[in-house]
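Step one of this worksheet: look at the structure below.
Throughout, read-outs are computed from the coordinates displayed, never taken from laboratory work. What you see is a predicted model; the values in this text were computed from it and never measured. Quick reminder, even Gly has a Cβ in these numbers, built from the backbone with ideal geometry, and neighbours come from all protein chains shown.
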Amino acid sequence: MPFRQDPFGELKVPLTWTAAVALVVAVVIGVAMLLSDRRETFQSEAYGVARQAVDTVAEPVSGVVAKPGEWTGDIVGFVRGYFFAASENRRLKQQVIALQTQADEAVRLQDENERLRAVLGVRTDPPIPMITARVVTDSRGPFANYRLANAGTKDGVMIGFPVLAERGLVGRVVGVSGGASKVLLLTDAASKTPVMVDRTNARAILTGDGGPNPKLEYLRSREPLKEGDRVLTSGDGGVIPRGLPVGRAVKGLDGRWRVVLDADSSVIDWVRILQFRDYAQLVDRKALEQTQLPPVITENPDDRIVRAPAAAGAQATAAPTAATPPRTAAPAAQRPATTTAPAPKAAAPRPAAQTPRPASTQPAPTPAPTGGGI
């Protein structure tokens, strides 16, 4: 096969004509685009028909050409939205978890605040110093029932102090250390508390037996006990002050009188420990020492009974007894006779204000007669 010198020589004429046609088409399209310009001019009416024709032809063509771009944009937007939604979903989940934690913490703090307000509202009459503590340990058994509070000797807690919740008495302190105290509840089998019925003033001993409702033992009352009678501490023995709320009397299934406690021991959280040692701390000693009774006049106007202050009484006791000579009664002859004042003429004579007392000294004995005198 002979070698051809110009292999593309046959293509020159078709390519030339193709380029010429493309140039003409481009010129026509450019002119059409110029004619289809939307800007208003003074000669817009002259080109109205041409514009309409170009727009009619270009509208479907431009729509077909723009479709791939729209599809590509939709696909890119979908992919971008998918990844954005996934990241946004993760962020929102973390935010929901954080908000739920904050909501739980807010509910806990609100409940704790309400309990603290209720506990701080506990008052006694007369006022007794109190220590606020929180129950940190719950120990229960078939008969043993006590709590451990986070207040001890460094806070001023001592064994025997009564413990109150927001509604009433829950027990007393039976053990104490530097930073904790053991509270024996009223429901414990070893708990025995002197109480009284508010309506009848009847005395009894509240004895725990491990159940939720301790029983009333050694009830002493002339009037029968009734359902719903208020039960308070009696203060007998001086261990627990009088008048602290305990609960209400009910008749148990076993026929014994029991007490539904005001303070539910199952939900004890915050408590108030009363710093009650004895009734002496409730008395104002200065007021008693400064109190002086008015003088009391007896039948004899010269004798007056006057209560001296305690300090003066102590000094008088310290003085020797010999400093004050004993008072002896005077004989009847030396005592002045008590006479009555003359009564008015219209009134009857009044009796003597005082009857003469007999002489305290006895008369001397008469000597016996002797025989030489006869």
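A few remarks follow.
- For Ser191, distant residues with modelled amide H under 5 Å away: Gly208
- Summing charges over all other residues whose Cβ lies under 14 Å from the Cβ of Leu99, with Lys and Arg as +1 and Asp and Glu as -1, gives 0.
- The count of lysine pairs in segment 130-277 with alpha-carbon distances below 21 Å, taking only pairs 8 or more places apart or on different chains, stands at 7.
- Counted by neighbouring Cβ atoms within 10 Å, the residues Asp254, Asp74, Asp264 run from fewest to most as Asp254, Asp74, Asp264.
- Note on segment 186-226: dipole from Cβ charges, positive end direction compared against Leu186, Gly211, Asn201; the farthest Cα belongs to Asn201.
- Scaled against the 2.2 N^0.38 Å expected of a compact globular protein of N residues, the Cα radius of gyration of segment 126-277 reads 1.00.
- Ascending count of other beta-carbon atoms within 10 Å, so fewest first, for Tyr146, Tyr218: Tyr218, Tyr146
- Amide H contacts under 5 Å for Asp229, placed H, 5+ residues apart: Ala249
- Rounded, prolate or oblate (a/c below 1.5 giving rounded, otherwise prolate when a/b exceeds b/c) for segment 223-274 by Cα gyration tensor: oblate
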